[in-house]
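Reading through the structure tokens given below for one structure.
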Amino acid sequence: MRKTTIAGLILLAFCIACRFCRPVADFYAINVYPLISSVLSFVASALPVSLEEIAVLGFVIAFIIIPVRAIGKKKGFFRWLGKVAVLLMWLYVWFYMGWGNNYYRTGLYRRSGIEMVSYEQEEFNRFLAEFTDGLNNAADAAGEYDRGEVETEIKAFYSERVSTCGYSRLHRWQHVKRPLLNPLFSAVGVKGFMGPFFCESQVNLSLLDFEYPFTLAHEMGHLAGVTSEAEANYWGFVFCRDCPNAAVRYSGYQAILPYVLSNAWNLLPEDEFNTWKETVCLKAREDYSASRQFWIGKRVGWIDRFQSRFYNLYLRSNGISEGLKDYFGVVEMIMTMDASRLSVQQ
């Protein structure tokens with residue numbers, strides 16, 4: 001057996017240990033991932049384009065070439081199967097050693113000693129009022145922002161503030177990347193994604209201007225080691241909400257608005273929901289509708305449905321029991337984390 005295959009099996013055993021033993025996953029997240037992400041992203045920084053897509057394409061080509069060569073050279077079935085198994089092993093190892101083992105670490109609430117808030121009508125109404133005021137005020141004052149400055153501020157936010165919660169610091173060479181297959185991501189409504197093979201944050205080139213700051217903050221949350229989509233939404237929102245630039249604040253409020261609408265619709269009587277909805281300013285409502293129609297127009301039905309089912313299965317298989325519904329947990333998380341912060345201050 002080749003030495004590289006033996007090394008791969010050792011790494012595979014470590015990844016499996018992370019999946020089933022939380023202390024091992026915690027060790028990876030705190031001690032291993034920061035080093036690996038630094039090295040991989042430093043290598044990737046040499047090119048402005050996405051190496052993630054190139055890596056995935058390379059694996060796809062390899063999976064095609066192996067059986068074709070096996071048939072052409074008339075190699076035995078088991079020899080062909082062995083080569084496929086080795087390639088699958090390295091795909092799994094690279095994905096999980098590069099980033100994926102973060103899924104199995106102790107959750108933020110548990111390691112921070114925070115208890116999730118239970119639903120209370122009064123508290124939810126207070127959250128709605130504060131959220132609506134913040135949204136309307138940011139919409140009224142929103143002007144211009146510089147994308148380079150926003151990226152720098154996001155890195156500082158994660159390095160100085162979020163890293164205290166057990167996440168990796170971000171580095172100067174970790175810049176947002178441009179997807180090579182941007183139309184494909186638009187076809188499934190993906191505004192951004194975190195690449196696990198080279199630890200690259202990438203955002204869709206078609207983003208509307210007010211969508212960019214939050215989307216980048218969300219994806220850089222994943223780069224810091226955040227795996228929960230609700231939590232990545234939370235940190236992205238907190239960065240935007242606390243930013244002195246009104247345009248950046250507006251980006252965060254707009255991004256969370258769909259989740260607030262969904263929660264309000266499910267929790268409030270219809271008349272109260274309609275009354276609250278009218279308190280949202282006209283600009284915010286128009287931008288929400290414009291964004292929704294813009295991305296619906298870019299989606300391709302069958303590709304979108306396939307991607308949604310695949311990603312839902314992927315999240316569930318990695319310990320995110322809610323699957324795609326995890327995104328909607330951001331409202332609960334904002335209320336929980338804000339309540340915890342207030343209790344500490346008191």
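Values in this text are rule-based calculations from the coordinates and carry no lab data. For clarity, every value in this text was computed on a predicted model and none was experimentally measured. A quick note on method: Cβ atoms are made from the backbone with ideal geometry, for glycine too, and the neighbour counts reach across all protein chains shown.
Here the spin labels are modelled as points 7 Å beyond Cα on the Cα-Cβ line, and at residue 12 and residue 106 they lie 3.1 nm apart. The label-point distance for residue 129 and residue 88, in a model that sets each label 7 Å from Cα toward Cβ, rounds to 5.8 nm. I'd like the distance separating the alpha-carbon centroids of region 265-299 and region 77-114, in whole Å. Result: 39 Å between the Cα centres. Taking 0.36 nm per residue of separation and subtracting the current Cα-Cα distance, fully stretching the chain between residue 261 and residue 119 would add 49.5 nm. The stretch between residue 178 and residue 62 holds 39.3 nm of extra length on full extension. This uses 0.36 nm per residue minus the Cα-Cα distance.
For 109, 103, 28, what ranking results if the residue with the fewest other Cβ atoms within 10 Å of its Cβ goes first?
109, 103, 28
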